[in-house]
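The values are calculated or read from the model by the stated rules, or taken from the named source; none is laboratory data. Just so you know, these numbers come straight off a predicted model, no measurement behind them. In this analysis, Cβ positions are derived from the backbone assuming ideal geometry, glycine residues included, and neighbour counts consider all displayed protein chains.
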Amino acid sequence: MKHIKLLFVLPLLASAACSALASADDGLVFDPASGKAGSLTMPDGQTVSYTAYEKLFFVTNVEDSTYQYMNVFVPETATGETPIFLRTYVGGYMASEAARPQAGDASGRALAEGYVVAIPGSRGRNSKVGETWTGRAPAAILDLKAAIRYLRHFDAVMPGDAERIITDGTSAGGAMSALMGATGNYPDYEPYLEAMGAAKERDDVFASVCFCPIIDLDHADMAYEWLFKDTDSRQGLSDEQKALSASLAARFPAYLESLRLTKADGSPLTADNFLDYIRELLITAAQKAKDAGADISAELGFTFNQESRGRFAAPLNGGMPPQAVNRPAGGPGGRVGEYITGLDMPTYLNYVVSTQPLKGVPAFDSKDVLGSRASGENDEFGDAAGSSVNYTEYAASLTGATVSEELRRRVFLMNPMNFVGDPQATTAPHWYIRHGARDRDTSFPVPVAFATKLQNAGKDVDFLLAWNRPHSGDYALDELFAWIGSITK
Ligand code: DHB
């Protein structure tokens, strides 16, 4: 409890003023007197002043000094009770240096809202010291967990409340945020963290914000083909590629059903009704955008209620009558109602793939499969000597590779799906997950299954297939920070 710990803050701060460091006997160091004043000018011209604590090394056995530290920014109004917004800038599963808050993204906005902002660096698939690749999986999540432990370790002498950490990231960073949220205190990470010299603390967090998380890498190939194999963009493939696409797609139903997910009413989600479930989520997202004034085109596959001339329709757009938009494709062109009543999924999916080309087959574990090059994920699971590997049994069976037990463990530790509902994990109670309604970097089933699994486990989940968003993050910040306000009030 923060207010109990606060009793100890003043003496410690006083001793820090006499140049003592808040250093535990484990060798980790935080000097409360080391803060430097700084400021950030927001897009609206507002200047936010902060105290910056930079280069906080969060492990004692530093392997890669470029990445294994964190910067923390404390706005003037922060106290020991202020929630901590932890932003990771991991992208593409690559290494990420500790940074400063950016005015244009959620880190700057968090600072302007008065939150303490923590930006840890982490090793990644491209980090290298001498001849050693330092950041192959699960290095990045280990570094981020070590950063969380550091915040807890020095919670009493650092502004901000380490019991209320909200993680945020996009894409591979969204995956990192999902892992931080899902895997709290899970024992399998412990030996690695101990070897790194991470603080001996808990590493569970309060909330996780995940934009377009690229997760479930070991099942993402089958999900991708299950959703996209019949789209126009897969028709030009070779017969071999089409056969592989079909074969991957055929493996998805058994995986989905192994998850034993249920709808909100408790009925089972199966391969037979999962596409309808996704359709409903897309309609919900499009309806939300339409209510806010967006034009939702029937050409994308939507149908609408058909009250003519808005006779039965409530006024839209601040009281203006419905506009003459959304003419049904091929129809007579009359006005259509305010409610979306249906979505033709083949039409919609062809729209999605027309906005950006699909990934190849397989989309993720592609190394040497039908002559494909290694993906970032093949590098991510590679070894310290620099090789890239097939990490799924299926791709390995096609290339003659083997998935060693050691690799299988690392793949396990990188998939947040494995930890939701496991009593050995302390999974965050609050989740905010966004995946763009035209994002094809991974397929809808992946984030949808993750959000549903969290919901089924009783978590508070705000999930949206955000309308018209491609692969991107830290958008609709008013909405995000209203949510953060609601969970931290
Ligand atoms: C990212 C995007 C991808 O398509 C992918 O496979 C992995 C990571 C990213 O943007 O971080």
(message) When you scan the stretch 13-23, do you find a residue that is at pLDDT below 95 and assigned to a strand (DSSP E or B), even just one?
(response) yes
(message) For the stretch 448-484, which positions are out of contact with any Gly (no Cβ under 9 Å at 6 or more places or on another chain), touching a residue at least 24 places away in the same chain (Cβ under 8 Å) and assigned to a helix (DSSP H, G or I)?
(response) Val448, Ala449, Phe450, Thr452, Gln455, Leu477, Leu480, Phe481, Trp483, Ile484
(request) For Asp272, state whether it is surrounded by 20 or more Cβ atoms within 10 Å (Cβ to Cβ), assigned to a loop (DSSP other than H, G, I, E, B) and at pLDDT 95 or above. (result) no
(request) Specify the residue that is farthest from the ligand (Cβ to nearest atom); the eligible residues are those in the stretch 91-107 that are small (Gly, Ala, Ser) and assigned to a loop (DSSP other than H, G, I, E, B). (result) Ala103
(request) With the checklist (1) out of contact with any Ser or Thr (no Cβ under 8 Å at 6 or more places or on another chain); (2) over 20 Å from Phe419 (Cα atoms); (3) acidic (Asp, Glu) in hand, flag the one item Asp441 doesn't pass. (result) (1)
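Step by step: first the residues of the stretch 77-90, then only those that are within 16 Å of the ligand (Cβ to nearest atom) and β-branched (Val, Ile, Thr), then the one that is nearest to Ala112 (Cα to Cα). Which residue is that?
Looking at residues that are within 16 Å of the ligand (Cβ to nearest atom) and β-branched (Val, Ile, Thr), I get Thr88.
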(request) Quick one: in the stretch 66-81, of everything that is among the polar types (S, T, N, Q) and out of contact with any helix residue (DSSP H, G or I) (no Cβ under 9 Å at 6 or more places or on another chain), which residue is nearest to Tyr432 (Cα to Cα)? (result) Asn71
(message) Looking at the structure I just gave you, is Trp431 outside any helix (DSSP H, G or I), touching a Leu at 6+ places or on another chain (Cβ under 7 Å) and among the aromatic types (Phe, Trp, Tyr)?
(response) yes
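Can you report the number of residues in the stretch 50-61 which are out of contact with any helix residue (DSSP H, G or I) (no Cβ under 7 Å at 6 or more places or on another chain), surrounded by 13 or more Cβ atoms within 10 Å (Cβ to Cβ) and assigned to a strand (DSSP E or B)?
The qualifying residues number 4.
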(request) For the stretch 372-395, name all the residues that are away from the ligand (no atom under 14 Å from the Cβ) and either more than 23 Å from Tyr255 (Cα to Cα) or in contact with a His (Cβ under 7 Å, 6 or more places away or on another chain) (or both). (result) Gly382, Asp383, Ala384, Ala385, Gly386, Ser387
(request) Might you check whether a residue that is touching a strand residue (DSSP E or B) at 6+ places or on another chain (Cβ under 7 Å) and either at pLDDT below 95 or acidic (Asp, Glu) (or both) occurs anywhere in the stretch 79-86? (result) yes
(request) Go through the stretch 130-230 and tell me which helices (runs of 4 or more DSSP H), entirely inside it, have 3 or more residues that are free of Cβ contacts under 8 Å to residues at least 12 places away in the same chain. (result) 190-196
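Residue by residue, here is whether (1) in a strand (DSSP E or B); (2) out of contact with any Ser or Thr (no Cβ under 8 Å at 6 or more places or on another chain); (3) under 19 Å from Asp168 (Cβ atoms); (4) of a type in the set (A, V, I, L, M) holds:
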{"position": "Glu63", "(1), (2), (3), (4)": "no, no, no, no"}
{"position": "Val72", "(1), (2), (3), (4)": "yes, yes, yes, yes"}
{"position": "Thr77", "(1), (2), (3), (4)": "no, yes, no, no"}
{"position": "Leu111", "(1), (2), (3), (4)": "no, yes, yes, yes"}
{"position": "Asn126", "(1), (2), (3), (4)": "no, yes, no, no"}
(message) Here's a check for you: in the stretch 399-446, which residue that is among the charged types (D, E, K, R) and within 15 Å of the ligand (Cβ to nearest atom) is surrounded by the most Cβ atoms within 10 Å (Cβ to Cβ)?
(response) Arg434
(request) Being of a type outside the set (D, E, K, R), under 17 Å from Thr60 (Cα atoms), surrounded by 24 or more Cβ atoms within 10 Å (Cβ to Cβ) and at pLDDT 95 or above narrows it down to one of Tyr150, Tyr192, so name that one. (result) Tyr150
(request) Working only within the stretch 217-275, note down all residues that are under 27 Å from Ala175 (Cβ atoms) and acidic (Asp, Glu). (result) Asp218, Asp221, Glu225, Glu257
